[in-house]
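The values are calculated or read from the model by the stated rules, or taken from the named source; none is laboratory data. Note that the structure is predicted; figures quoted are calculated from it, not measured. FYI the Cβ positions are ideal-geometry reconstructions off the backbone, even for glycines, and counts take in every protein chain you see.
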Amino acid sequence: MLTFAKEQKVNKLGDIEVGGQPGERATLAVGSTFYEGQFPDPKKSLEKIEGSIYLQQETADELAIQTLVDVFIYDEEEIHWKVDFVLEAVDGVISFDVPESEVRIKLLEHMEQIGALDRTLYNSINLGVTDDELETLERCTPEAAVILAYDPQDNSAQGRLNMIKGGSKLMPDGLLAASGSIENILLDTAVTPFGEGASEALRAVPVFKSEFGLPTGCAMHNAVESWGWLNGYEDKEKVSPILDASVDVPPIIFGADFIYYGPIENARQQLPVVAMIDRLVGEGAETYFGVEVAEKHPFNQL
């Protein structure tokens with residue numbers, strides 16, 4: 001169990017509070033949809049996706065944890081129909097996971113145009129951020145943003161920290177400076193594959209919390225997704241959700257405030273694991289460190 005001497009910032013994302021000392025608040029578990037390969041034709045699968053969104057929220061309410069929906073958008077043509085769908089299907093803030101800078105710019109402009117920037121968690125500000133993107137972020141400022149601390153030249157925890165603080169010689173002022181006037185910042189320790197610093201992404205969780213005092217987390221399931229051995233395992237489909245759930249245990253023990261746990265359709269299998277570890281960490285936080293655990297928390301409700 002951990003506690004941090006540095007004051008820990010708490011971000012408000014609509015009704016969700018994320019950050020603080022380990023065990024103080026329930027972990028924010030983010031499930032992804034519209035990811036590549038989820039369905040051959042997503043437009044024909046909206047009913048299934050909507051059902052998964054509702055099931056995630058229903059499970060979170062049952063377990064007294066917190067959840068968000070993460071929506072992948074790959075092309076500019078997808079912005080309008082995906083945004084329209086998810087704004088209707090989801091209450092509150094939504095994480096928009098957009099790999100390409102040009103598409104992120106178009107998303108920001110669209111959200112500003114329809115008055116939905118206050119429901120936007122921008123995922124992510126990273127090494128690929130462009131000057132045009134930075135200008136758009138200042139003009140169309142989202143409610144919150146994820147900073148992805150990936151350094152291709154140094155995959156150590158220190159290298160990831162350097163990307164946030166000073167750019168690690170790859171950008172002028174660092175990723176935190178690039179976030180500009182965005183009020184709610186979440187630090188993502190940038191999980192890399194096994195053998196390429198996956199454990200350093202885990203180790204970076206308490207390092208970031210100690211250094212910045214900002215809500216910190218990661219997507220450890222990415223290490224599972226990139227595990228070459230697993231692709232040849234006969235029962236891959238059966239064990240993948242189990243592995244995804246298992247790999248999210250260490251970050252929460254290490255103090256993570258949020259996790260991106262992978263496919264949202266696995267909520268019923270994976271979220272009870274989050275709740276169980278929250279229950280464990282909450283107990284330690286209260287009994288050993290004297291932390292006042294939030295009322296809506298597995299420690300108090302399960």
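Here are a few things to note about the model shown:
- Test result for R119, touching a residue at least 24 places away in the same chain (Cβ under 8 Å) and closer than 21 Å to D15 by Cα: yes
Okay, residues lined up against (1) under 20 Å from the mean Cα position of the chain (by Cα); (2) modelled with pLDDT under 95; (3) more than 22 Å from I94 (Cα to Cα); (4) acidic (D, E):
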| position | (1), (2), (3), (4) |
| --- | --- |
| L137 | yes, no, no, no |
| L161 | yes, no, yes, no |
| M171 | no, yes, yes, no |
| I185 | yes, no, no, no |
| A198 | yes, no, yes, no |
| F208 | yes, no, yes, no |
| N231 | no, yes, yes, no |
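- Consider the range 1-60 and keep the residues that are under 19 Å from the mean Cα position of the chain (by Cα) and at positive phi. The one that is surrounded by the fewest Cβ atoms within 10 Å (Cβ to Cβ) is G14.
- Close Cβ contacts (under 7 Å, 6 or more residues apart or on different chains) running from residues in the range 277-299 that are over 20 Å from P250 (Cβ atoms) and touching a residue at least 60 places away in the same chain (Cβ under 8 Å) to residues that are of a type in the set (D, E, K, R) and surrounded by fewer than 20 Cβ atoms within 10 Å (Cβ to Cβ) comprise V293/E286.
- Complete set of residues in the range 61-90 that are exposed (fewer than 14 other Cβ atoms within 10 Å of the Cβ) and either free of Cβ contacts under 8 Å to residues at least 12 places away in the same chain or in a helix (DSSP H, G or I) (or both): D61, E77, H80, W81, D84, E88
- Residues satisfying the stated conditions in the range 182-214, i.e. part of a loop (DSSP other than H, G, I, E, B), surrounded by 22 or more Cβ atoms within 10 Å (Cβ to Cβ) and out of contact with any Lys or Arg (no Cβ under 7 Å at 6 or more places or on another chain): V191, G197
- Extreme residue, nearest to Q158 (Cα to Cα), among residues of the range 215-233 that are crowded, with 16+ Cβ neighbours inside 10 Å and among the hydroxyl-bearing types (S, T, Y): T216
- In the condition set (1) touching a residue at least 60 places away in the same chain (Cβ under 8 Å); (2) over 21 Å from L28 (Cβ atoms); (3) not aromatic (F, W, Y), E143 is compliant with all but (2).
- Residue list for the range 163-181, restricted to those being at negative phi and either crowded, with 20+ Cβ neighbours inside 10 Å or in a loop (DSSP other than H, G, I, E, B) (or both): M163, I164, G166, L170, M171, P172, D173, L175, A178, S179, S181
- Remark: pairs (first residue in the range 1-18, of a type in the set (D, E, K, R); second residue buried (at least 19 other Cβ atoms within 10 Å of the Cβ) and part of a loop (DSSP other than H, G, I, E, B); Cβ separation under 6 Å; 6+ apart in sequence or on different chains) = K9/L214; E17/R25.
- Condition check for V30: under 16 Å from V93 (Cα atoms), out of contact with any Ser or Thr (no Cβ under 8 Å at 6 or more places or on another chain), modelled with pLDDT of 95 or more and in a strand (DSSP E or B): no
- For beta carbons closer than 7 Å, sequence separation of 6+ or different chains, a first residue in the range 129-140 that is touching a residue at least 12 places away in the same chain (Cβ under 8 Å) and a second that is loosely packed, with under 12 Cβ neighbours inside 10 Å, the qualifying pairs are E138/S181.
- Candidates Y233, Y261: the one that is aromatic (F, W, Y) and more than 27 Å from I185 (Cα to Cα) is Y233.
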